[in-house]
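What follows is a single structure, written as structure tokens, with notes after it.
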Amino acid sequence: MFDFEKGMDEWKMEGDAFVDCPTVEEESNGKEGYRSIKSSGPGKGKVTSPEFAISKNFINFLVGGGYYPGDECVNLLIDGKVVRTQTGNSGNAHLSWTGWDVMEFRGRKARIEIVDNITGRGIGEKGYIFCDAIMLCDELPKTPYKEFNPGWEKAFWVDWGSDFYAIRSWNNYAPEEKRTIWVGWMGIWTYAFSEPGPGLLSVPRSLELKTFPEGIRLIQNPVKELESLRTSHKTAEENIFEGIWQPKKFIPARNTYELIVEFENISAGEFGLNVCTGENEKTVIGYNASREELYVDRQNSGYDEFSKVFPGICTGPLKNRTKTIKLHIFVDKCSIEVFGNDGETTISSKIYPDSTSTGIELFSNNGKVKVKSLNLWELGSIDLH
């Protein structure tokens, strides 16, 4: 419907956020053709498309820019009301395919609205909102959630968390060493200049390729040498429960520990752990059985006033092949790294809990779950000498 190659004369423009649209980007940022929408103006504003009829079941488009739901976004309007919305992707200027299921609105008249209600253009303050190639389609863009599809817009994520960037890898650091190992910088430019701890590295991870029914996947697990940091060990008995379970005396002295838990789902719709819990604080590590998704929820994880986009939920696909989910977790004061089913899915995120928020509890919602094993090791410091 709209590719912006011949301009946007029929679009209604308000404010001064889109005064230079459509934009010609010199670099290749994933756009189709030469022109796209970018809110490069100094202030707030929006652009609204001419009216069109929804004649197919899906609307697909390219989007990029700041992650500010409701403030930097692409909206679908019917009778002047927002019925679908999509924000950017955490400040990334690269455009990625996304889409809406609009089957329920088929035959209705609609408009597209592209909005930027945030001023200030510095790194860490905001990105922009980018948009291109808005089209009516017979299906949504293919993603790794559904099937293996080669192609850049269908690429997999190596880590589904907010904070795993600028990877450094090596494989020849010692004689006879055959492993490929990497570490990532735990941070994101959206809040790197305002958060308390911007300079962290992930734990080192060993890499391998593994074949699954849906195709070949990259697997990553903590290197075995990290076991040398283990100090006191706590373990809990096998247990079947629904609701909240707090194993007795299962509280670390501080939030520097390694935890391995293996769940067997009996009937639960969702289950997992609340870690770094304290007064009005918790970070949730959970698994949604129906969606086959692993997630880390840091909406109430602790201090987050430095960024309005920091609170949120990160999700990653994790197949429910055997009803058994194994989680290998590293918590290190202001970071959490989760490895699902022996490194099939990883989620790395920063958190800033209070130093007194050291509680751990397990949960099961809408049914029962069995904890087959639960082990925790408090960790000592790495000796760099």
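Which residues, taken from the range 292-310, are touching a Ser or Thr at 6+ places or on another chain (Cβ under 8 Å), more than 30 Å from residue 320 (Cα to Cα) and either among the hydroxyl-bearing types (Ser, Thr, Tyr) or surrounded by fewer than 17 Cβ atoms within 10 Å (Cβ to Cβ) (or both)?
Selection gives 306, 307.
Residue 313 - would you say it is among the aliphatic types (A, V, I, L, M) and modelled with pLDDT of 95 or more?
Working: among the aliphatic types (A, V, I, L, M): yes; modelled with pLDDT of 95 or more: no.
So residue 313 fails the test.
Give the range 55-75 a look and list any residue that's surrounded by fewer than 20 Cβ atoms within 10 Å (Cβ to Cβ) and not hydroxyl-bearing (Ser, Thr, Tyr), or say none.
Our first condition is that a residue be surrounded by fewer than 20 Cβ atoms within 10 Å (Cβ to Cβ); within the range 55-75, this holds for 55-58, 60, 69-71, 75.
Within the range 55-75, 56, 57, 58, 60, 69, 70, 71, 75 qualify.
When residue 335 is evaluated against the numbered criteria (1) surrounded by fewer than 20 Cβ atoms within 10 Å (Cβ to Cβ); (2) in contact with an Asp or Glu (Cβ under 8 Å, 6 or more places away or on another chain); (3) within 12 Å of residue 283 (Cα to Cα), which criterion, by number, is the only one it fails?
(1)
Within the range 361-385, take every residue that is assigned to a strand (DSSP E or B) and among the acidic types (Asp, Glu) and give me the one that is nearest to residue 275 (Cα to Cα).
Start the filter on the range 361-385 by keeping residues that are assigned to a strand (DSSP E or B), which leaves 361-379.
Restricting the remaining residues to those that are among the acidic types (Asp, Glu) gives 361, 378.
Values: 361: 7, 378: 14 Å.
Once the filter is applied, the top-ranked residue is 361.
Does any residue in the range 117-146 that is in the same structural domain as residue 31 (by TED's automatic domain parsing) and at positive phi come within less than 9 Å, Cβ to Cβ, of a residue that is modelled with pLDDT under 60 and in a loop (DSSP other than H, G, I, E, B) six or more places away or on a different chain, and which pairs are these?
120/126; 124/91
Are there any pairs with C-beta distances below 9 angstrom linking a residue in the range 294-321 that is without any contact (Cβ under 8 Å) to a residue 24 or more places away in the chain and over 20 Å from residue 333 (Cβ atoms) to a residue that is aromatic (Phe, Trp, Tyr) and surrounded by fewer than 19 Cβ atoms within 10 Å (Cβ to Cβ), with the two at least 6 apart or on different chains, and if so which?
What qualifies is 321/212.
For the range 330-360, name all the residues that are closer than 16 Å to residue 260 by Cα and in a loop (DSSP other than H, G, I, E, B).
Matches in the range 330-360: 341, 342, 343, 344.
Please verify whether the range 258-265 includes one or more residues that are over 16 Å from residue 340 (Cα atoms) and either in a strand (DSSP E or B) or assigned by TED's automatic domain parsing to the domain that holds residue 343 (or both). Steps first, please.
We begin by selecting, within the range 258-265, every residue over 16 Å from residue 340 (Cα atoms); these are none.
No, the range 258-265 has no match at all.
Kindly state which strands (runs of 3 or more DSSP E) lie completely within the range 76-131 and contain at least 1 residues that are modelled with pLDDT under 90 and surrounded by fewer than 18 Cβ atoms within 10 Å (Cβ to Cβ).
By residue number, 92-101.
The values are calculated or read from the model by the stated rules, or taken from the named source; none is laboratory data. These numbers were taken from a predicted model, which means no experiment stands behind them. Cβ atoms come from the backbone with ideal geometry, glycine included; neighbour counts cover every protein chain shown.
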